[in-house]
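What follows is a single structure, written as C-alpha cells, with notes after it.
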Amino acid sequence: MTTQALPQTTTIANRQRLTAGIVLLVIALLMFLLFIRDSEPGQQATFGMNLNADTIQIPDLVLPVQPTIYIFILVIMFTAGWQIARGIRSIGVMAGVVSFAFVASFLIWATKDHSFNLVGMLSSSLVRATPIALAALCGLISERAAVVNIGIEGIMLLAAEAAVVAGTMSHSLWVGLIAAVLTGGLVAAIHAFLVIRFKVDQTVSGVAINIFGTGATSFISSRYLEKNIDALNNSGTFQIIPIPLLSKIPVIGPVFFQNNIVVYLMIILVIVMHIVLFYTPWGLRTRAVGEHPKAADTLGINVYFTRYVNVIIGGLIAGLGGAYFTVGSVGRFDQDMTAGKGFIGLAAMIFGNWNPIGAFASSLIFGFADSLQVKMQILGVNIPSEFLQMAPYIVTMIVLTGLVGRATPPAADGQPYEK
Amino acid sequence: MTTTKEVKKAEARTKSGPSLQKTLMGTENALIPVLAVITGLIIGGIVIIITNADAIAAWGNFFKSPGEALRASWNAVTTGYGALFSGSLGKPADMIAGIQNYFATGDSKAMLKAFYPFTESLVTATPYIFAGLAVALGFRGGLFNIGAEGQFYIGALASAYVGYSIVGWPWFIHLPLAILAGAAAGAVWGAIPGYLKAKTGAHEVVNTIMMNWIAFRFSDWLLSGPMKSSGFRPVTPTIEATAELPRFFPDPLRFNWGFPLALAVAALVYWFLFKTTLGFEIRAVGSNPDAAKYSGMSVVRNIVLVMTLSGALAGLAGSAQVLGTDHWVGQGFSAGYGFDSIALALLGKSNPIGVVLAALLFGVLRSGATSMQSLAGIPIHIISIIQGLVIIFVAAPVIIRTIYRIRIGSADETVLTRGWGK
C-alpha cells in the first residue's frame, strides 16, 4: 500500500540515495586506481590458512590478484546501482558489504606476489581486540547504570602496573592478575564515590583519573621499575592454553581456542554480561536505573547502590583489561603502554549500541585495524608506517560519526541522580 | 518543574561575566582553587616522603627516635620543594649578588644566571596561558577540548614550516605569517572534531583524543621524513631569524615576546567572551544549548566556532613555543601541555584572568620540576599526580570544604557531561 509521499520528502530521500550511491561509485573508482593500476595481470596472492601444526591442515588460499579485485569492484558497483535505483534499507548491511570488499581488496593488493598468513591475522585481531573489548565492557556496564566512565585509560594503566609489580614480586602470574583486577575496582570505586556522592561532573572526574593514572604510573616506572627490572618489572606472561578438541578446527580453532587465559576470560565475560544484563532481574534493575532513575527509585530500587555496584564491577573488568597489557602480553610495563585503547573501547561500546555482543563485534573491527597496520609494516607496503598506525584512530572517528547507524545511549546517561 | 535552586543557578549562569574587581578580589571565587593547590602540594609532599629512601628508613625506627623520622621527612620535603622553588624562581641571594656584580664590574653573566630560573618559569608559562585559554574557551562553550595537545603539535609544526622554509622576507611579514600559520593549523585541527560533534553529535572527548593520537603519528612521519633537517635527529631545521619572536635579554635568558603576546591574547579572549554578542552566544550555548537554540542561536555554528577558536589558541601555544623559545621542533616536543591545560582551565574557573594566574603557577611548577628531578631525584611525573589531585579538588569543592570546614558559598560547578550526544 503506497501512501502519497510529500514531494519534499521524496526529493530529499532521492538526493540522499543518490549521494550514497555516488560515494560507493567513487570508492569503486578508488579501488580501481589504487589496486588494479598498481598490480600486474599475472600476480597471485597467497593466503596461509594454517597457523601451526596442531590444527587440521587445509591448503593455502591462492587468489589471482586482478580478477579477484575486479570481482569486488563489480560487487561495489552493483551495490551502488541498487542504492541509486531502489535504495538499500539497511545501511549497516550496505556498509558491511562495502567495507568487506574494500578491505579484502586491500589485503589482496598488499599481498601480491607475497604470502600472508590470514589465520595469523585473524588470531592477532582477536588478541588485540581483547583490551578494547574489556574497556568497552567496563564502559558499558557503568553507562547502562547511567554513569559515564572516561577514566578507563587511567584505570587500565594503573592495573597494568599493579599486575606486573605484583606478579614479579610474588613470582605468580595469578597474583598479578588479581592485583590488577582489584586495582581497577578500587580506582573505579573512587570515581563512583566522587561522581555519585559528591556529584562531581563525570567527564571531569574521568579526565582527572586519566591524568592521575598516567602521572602515577610514569612516576613509579621512572622511580622504581626502570632501575629494578628483575625485581619489579619482569613478570612473564600467561601461557597459551589450547582447548583440547576445538582447537583442531581449521581457521576457527587457532583464532578462538588457542589463546591465553585473559582472552578466554574476555570471551566468557562478553557472554555472561549479555545474559546478566538482558535476562536477569539484576540486569533489568540496572537498565531501569540507567533509563529512568526516578521511576526505578519509586519502585524501590536503590539507585545509588546499583550505580556503585555497576561502576565497581566495570572497574574490575577494566582491571582485567589492564592486566592484558602486561601479564597477558609482554610481561613488563612501559610508560603510556595503553596507547588510547581505553578510548577506543568507548568508541566500540557506542558502535556496539551499548550491548555486550555489539561491543565485542566492534572491538574485533578495531582489533583488526590494529593488527592490520602491524602486518602491513611486515609486508612492506608502500604506505609509511605512521599512517598505518593512524588507522585505528581514524576508524574510531568514522565510527563515532554514526554514519553507520545511529546509536542511542541509556536515557539518563551522564546525569547525577538526586533523590 | 524548576525549583528555586535551579532558577538561581540559571540566573547565575546567564548573567554577564564577572567584573574585573570581583574576579581579582572576590575571595569566594579564588578560595577553593588556592586551597586546592595547597592541598595538592601537601599530598605531593607526602608522596615525596614515602618515596624517599632515607625517610622510610627513619620511619622504620620511629619508636626508637621519633624526632629522627620527622626530621628525615621534613628534610625530604624541603629538599624536594626547595629544589622546586630554586629551580623555578631562583635564589634571591644570587640575584642580589649578580646585580651588585653587574654594577661593580659591568659583567652581566652572574646576574643573568641568577635570573635564569625566573625567566624560564615565565617562558614555560607562555604556552600554558595559550593552551589554558583554549580549554577555558571550550568549557565556556560547553565543550571539552582535550585535543589541545594535538593542536599544539600541529600549530608548532606549521609555524616551524613557515619559519624555516621562507627565506629573505622581512620580519614584519615573516613573523606574523608564521604565527598565523600556527593558529590556522590548530584551528583546522580543532574544527574537525567540532564539525563532527555539531553535525553528528559525536562526543568531542573521544574525537579530540583520537585527533591527538593522529597528530602524534603525523608529526612522527613529518619529523622523520618531509620536515626533517639534515642529520640524525628527528628535528626540523632551525627557523629563520626573521621569524623569531624577539628576546628581551641576551643569552642564556630566553624570555621573549611570546609572554606579552600571551597576556594580550588573554585580554582579548576576556573581552571577546564577556563584552561581545558572539561571546554571549557562546556562553549561552555552553550553559543551556536547548534554551539557546530556542532563542534562535545556531548551536551548530557555535560549536564549530568554539572548537575552531579553541584549536587556534592551542595552535598559538605551539607557535609561541617554537617561534619564541625553541626555534625548532623535535619529537616529544610537547611536555603534556594539552592535559595540563585542562587542570589550568578548571583551576582558573574558565576565566581568562584565572587561567593566566593558574598558568603562571604551573609554569613555576613545571620549570621547577626539572630541578626537582636533577637535584632531588624526584621524577617529573609528580607534577601530573599533583595536577590530577588539583583537578579533583577543584571539581569537587565539597572535599576541600569538608577538609577545611568552610561554609558553603556560591560555587559555580562545571557541568559538562551531557552523555554521548543526542
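The values are calculated or read from the model by the stated rules, or taken from the named source; none is laboratory data. Nothing here was measured: the structure is a model prediction, and the numbers come from that model. Glycine gets a Cβ as well: all are built from the backbone with ideal geometry, and neighbour counts include every protein chain shown.
Suppose the filter is free of Cβ contacts under 8 Å to residues at least 24 places away in the same chain and hydrophobic (A, V, I, L, M, F, W, C); does A:VAL187 pass it? The answer is no for A:VAL187. Residues of the stretch A:370-397 that are within 12 Å of chain B (Cβ to nearest Cβ) and of a type in the set (Gly, Ala, Ser): A:SER385, A:ALA391. Which of the residues that make up the stretch B:348-386 are among the charged types (D, E, K, R) and more than 17 Å from B:GLY44 (Cα to Cα)? Listed by number, the list holds a single entry, B:LYS349. Once the stretch A:337-353 is narrowed to residues that are outside any helix (DSSP H, G or I) and closer than 19 Å to A:LEU177 by Cα, the residue that is nearest to the other protein chains (Cβ to nearest Cβ) is A:THR338.
Taking the criterion of being part of a helix (DSSP H, G or I) and either among the hydrophobic types (A, V, I, L, M, F, W, C) or under 22 Å from B:MET95 (Cα atoms) (or both), the residues of the stretch B:247-268 that qualify are B:PHE259, B:LEU261, B:ALA262, B:LEU263, B:ALA264, B:VAL265, B:ALA266, B:ALA267, B:LEU268. Only residues that are crowded, with 19+ Cβ neighbours inside 10 Å and either among the polar types (S, T, N, Q) or over 19 Å from A:GLY321 (Cβ atoms) (or both) were counted across the stretch A:238-256, and they come to 4.
Figure legend. Inter-residue proximity from the stretch B:84-98: first residues closer than 11 Å to B:VAL364 by Cα, second residues of a type in the set (Phe, Trp, Tyr), beta-carbon distance below 8 Å, spacing 6+ or different chains. Indicated pairs: B:SER88/B:PHE118; B:LEU89/B:PHE118; B:GLY90/B:PHE115; B:GLY90/B:TYR116; B:GLY90/B:PHE118. Please indicate, with yes or no, whether at least one residue in the stretch A:235-249 is within 14 Å of chain B (Cβ to nearest Cβ) and of a type in the set (S, T, N, Q). No; the residues of the stretch A:235-249 include none that is within 14 Å of chain B (Cβ to nearest Cβ) and of a type in the set (S, T, N, Q). Those residues that are charged (D, E, K, R), more than 23 Å from A:LEU346 (Cα to Cα) and at the interface with chain B (Cβ under 7 Å from one of its Cβ atoms), I need them from the stretch A:198-234; list them, please. The one that is charged (D, E, K, R), more than 23 Å from A:LEU346 (Cα to Cα) and at the interface with chain B (Cβ under 7 Å from one of its Cβ atoms): A:ARG223.
A:LEU194 fulfils the conditions (1) within 14 Å of chain B (Cβ to nearest Cβ); (2) surrounded by 19 or more Cβ atoms within 10 Å (Cβ to Cβ); (3) touching a residue at least 60 places away in the same chain (Cβ under 8 Å) except for a single criterion, (3). Screening A:ALA53, A:ALA136 for residues that are modelled with pLDDT of 80 or more and either in contact with a Ser or Thr (Cβ under 9 Å, 6 or more places away or on another chain) or farther than 30 Å from A:ASN355 by Cβ (or both) leaves exactly one candidate, A:ALA136.
Taken over the stretch B:244-280, residues that are touching a helix residue (DSSP H, G or I) at 6+ places or on another chain (Cβ under 6 Å), surrounded by 19 or more Cβ atoms within 10 Å (Cβ to Cβ) and more than 30 Å from B:ASP107 (Cα to Cα) amount to 6.
Restricting the search to the stretch B:328-348, which residues are in contact with a Phe, Trp or Tyr (Cβ under 9 Å, 6 or more places away or on another chain) and away from chain A (no Cβ under 14 Å)? Scanning the stretch B:328-348 gives B:TRP328, B:VAL329, B:PHE333. Taking the stated definitions as given, is B:PRO237 of a type outside the set (S, T, N, Q), away from chain A (no Cβ under 14 Å), within 30 Å of B:SER88 (Cβ to Cβ) and part of a loop (DSSP other than H, G, I, E, B)? No, not satisfied.
Of the residues making up the stretch A:257-278, those that are surrounded by 15 or more Cβ atoms within 10 Å (Cβ to Cβ) and over 18 Å from A:VAL127 (Cα atoms) are A:MET273, A:HIS274, A:VAL276, A:LEU277. Scanning the stretch B:191-204 finds one or more residues that are in a helix (DSSP H, G or I), free of Cβ contacts under 8 Å to residues at least 40 places away in the same chain, more than 21 Å from the chain's Cα centre (by Cα) and within 14 Å of chain A (Cβ to nearest Cβ).
Here's the yes/no breakdown for (1) in a loop (DSSP other than H, G, I, E, B); (2) surrounded by fewer than 22 Cβ atoms within 10 Å (Cβ to Cβ); (3) among the basic types (Lys, Arg); (4) free of Cβ contacts under 8 Å to residues at least 60 places away in the same chain:
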residue	(1), (2), (3), (4)
B:LEU309	no, no, no, no
B:GLY324	no, no, no, no
B:TRP328	yes, yes, no, no
B:PHE339	no, no, no, no
B:ILE342	no, no, no, no
B:ILE353	no, yes, no, no
B:ALA358	no, no, no, no
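The set of residues in the stretch B:219-233 that are assigned to a helix (DSSP H, G or I) and out of contact with any helix residue (DSSP H, G or I) (no Cβ under 7 Å at 6 or more places or on another chain) comprises B:LEU223, B:SER224. B:GLU413 passes all but one of (1) more than 9 Å from every other protein chain (Cβ to nearest Cβ); (2) modelled with pLDDT under 75; which number fails? Unmet for B:GLU413, out of (1) more than 9 Å from every other protein chain (Cβ to nearest Cβ); (2) modelled with pLDDT under 75: (1).
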